[in-house]
Amino acid sequence: MSSWTAEGRKHKRDIKLEGVQRQMRRDKSLNALSVYQRGVIAELKLIGKDLYLDIRRRGVMLPDGTVNPAVEAHRKNCHEQVYSLSVYTDVKASEASAVVDIVAAMATRSEIETVVEQPAEGTQSVTEISSDECER
């Protein structure tokens, strides 16, 4: 595939993305993240690499004296990477430290029903028998 076509550029990008994801799978500190979360971080890292390459190639300042737009985009991308990692680790930490109150969970899932049994005709209820025995 040619890198001049859209399919060729996508294929080339997919190969780079797979390399970044492979690198992240090997990283022990990122094993707690889901596949989706690692994929998002890998996309952000790949975009950051491309932006940094543009900054190195064209420089921070363009020939007309303006700042390279890739500089601001790279700054925002780095912020987004750090923010995503902090959110993912906070979520994992809160899931791990969440104390489960089993009684409260059971109470919310099922209502406690009190069943009052009526004694059959000609028989005494348990409460009547115990009160009769107490009077004797």
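Each value in this text was obtained by applying a stated rule to the coordinates, not by laboratory testing. The structure presented is a predicted model; accordingly, all values stated were derived computationally and were not measured. Please note: Cβ atoms are built from the backbone with ideal geometry, for glycine as well, and neighbour counts cover all protein chains shown.
Here is how the numbers come out for the structure above:
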| item | result |
| --- | --- |
| Ranked by how many other beta carbons lie within 10 Å on average, peptides 42-48, 75-81 from highest | 42-48, 75-81 |
| Packing-based ranking, highest mean first, of 59-68, 25-34 given that Cβ atoms within 10 Å are counted | 25-34, 59-68 |
